[in-house]
Amino acid sequence: MAGTQLLKSRIRSVKSTRQITKAMQLVAASKMRRAQEATKASAPYTEAARELLAGLATRTSVKSHPLFAQRPVKSRLMIVIASDKGLAGAYNSNITKIYVAELKADDKAGIKNKTITVGRKASQLAARLKDTEVIGAYEELPDQPDGNELRAILDSAKSRFMAGEVDAVDVIYTDFISSITQEAKVMRVLPAGFDDTLQPTPSNDVTYEPGTTEVLDGVTYRLVGAQLFQALLDARASEHSMRMIAMKNASDNASDLIDDLTLEMNKARQSAITQELAEISGGVEALSE
């Protein structure tokens, strides 16, 4: 009977865990739908921004602008976007693998680097590493960051790039492809217009009024900001999707474990009943002799 009671206790414990994971799955699914709608709504604007920046980068008058300046990369800034919480499957580990690989590549190439972290998990990781200098850490950002939060990250990257402290700014994030598929990747946002996936056609130069610098200062800042904002939206949608799937798998595994424990408990109970019947039969035979 001691074995049966132990199995009953384990079944109750697993059922309690399953209730928690099921609730977390439903919460993540609800957040994922809202985050998915947000990232899909802004995706066309961000794609247009990428194409516009790539096109501007081909113009002679634009290449001299500080935000479009392409220099040999001797130092770069990485903006690492992870989550504040765990229990999201491989979400944070995928970001960690790419981030560490980039640090090793920089170290091998003799490139210095700085890091801005978004999310508690990214901050904890960067704090344990000695290969980078953390110049900013942002935690508990909402699913859709407001202008102040986004501007703080963007201003920090822009000021260091224009001052020549870094020669490139990369964002390490998880691209939201679908609720099933997400891909951790690196995206370069500065110098502006740098995009290996686009092949813009060089166009004739144009005249900017009131001046090239005045126009590009505002336009480039907004378009680069749109890319960073899209990365934050994609990262959050990916996080909720992967947490939803992880919690669903945990709930399914808990159900399977409950079935196995129940079967084991029934076998133990049947074995105990069989033993009691055998003892009763033995006692009856002993009395009848």
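General observations
- When the charge dipole of region 39-243 is built from unit charges on Cβ atoms (+1 for Lys and Arg, -1 for Asp and Glu) and taken about the Cα centre, the candidate among T39, T220, I111 whose Cα reaches farthest toward its positive end is I111.
- Cα-based reach from K267 at 17 Å (exclusive), listing lysines while leaving out same-chain residues under 8 positions away: K8
- Pairwise Cα inverse-distance average, inverted: Kirkwood Rh of region 219-281 (Å): 16.4
- Taking amide H atoms as placed 1.01 Å from N in the peptide plane, the amide H of K74 lies under 5 Å from those of D167, each 5 or more residues away in sequence or on another chain.
- Whole-number Å³ per residue for the convex hull built on Cα positions in region 108-202: 168
- Pairwise centroid distance, computed over Cα atoms, of region 115-158 with region 27-45, Å: 22
- Region 1-143: C-alpha pair distances exceeding 19 Å, %: 71
- Placing a label point 7 Å from the Cα of K97 along the Cα-to-Cβ direction, the residues of region 223-246 with a backbone N closer than 20 Å are 235-246.
- Kirkwood Rh, angstrom, the chain [1 / mean 1/r, Cα pairs]: 22.4
- At an R0 of 30 angstrom, the distance between the Cβ atoms of L257 and K40 translates into a FRET efficiency of 0.20.
- Beta bridges assigned by DSSP with both partners in the chain are antiparallel in approximately 30 percent of cases.
- Here the gap between D131 and K22, fully extended at 0.36 nm per residue and compared with their Cα-Cα distance, gives a gain of 35.3 nm.
- In this structure, the residue pairs whose Cα-Cα separation is over 22 Å, taken from K114/K185; K85/K112; K85/K248; K104/K185; K97/K248, are K85/K112; K97/K248.
- Rounded to the nearest 20 debye, the dipole size of region 39-243 about its Cα centre is 600 debye, using +1 on the Cβ of Lys and Arg and -1 on the Cβ of Asp and Glu.
- Electrostatic tally near F176: other residues with Cβ closer than 10 Å to its Cβ, Lys and Arg +1, Asp and Glu -1, net -2.
- Calculated FRET value between I177 and A152, using beta carbons and R₀ = 25 Å, to 0.05: 0.30
- Between the Cα long axis of helix 147-162 and the first principal axis of the chain there is an angle of about 50°, rounded to the nearest 10.
- The chain - mean residue ellipticity at 222 nm from DSSP helices (-39,500 (n - 2.57) per run, n ≥ 4, rounded to 500): -22500 deg cm²/dmol
- Helix axis angle, 91-109 relative to the chain longest principal axis, alpha carbon, degrees: 50
- Against the chain, whose longest principal axis comes from its Cα atoms, helix 212-288 is set at around 10 degrees.
Read-outs: derived from the displayed coordinates by stated rules, not from any lab. These numbers come from a predicted model, not from an experiment. Positions of Cβ are backbone-derived with ideal geometry, glycine not excepted, and every protein chain shown enters the neighbour counts.
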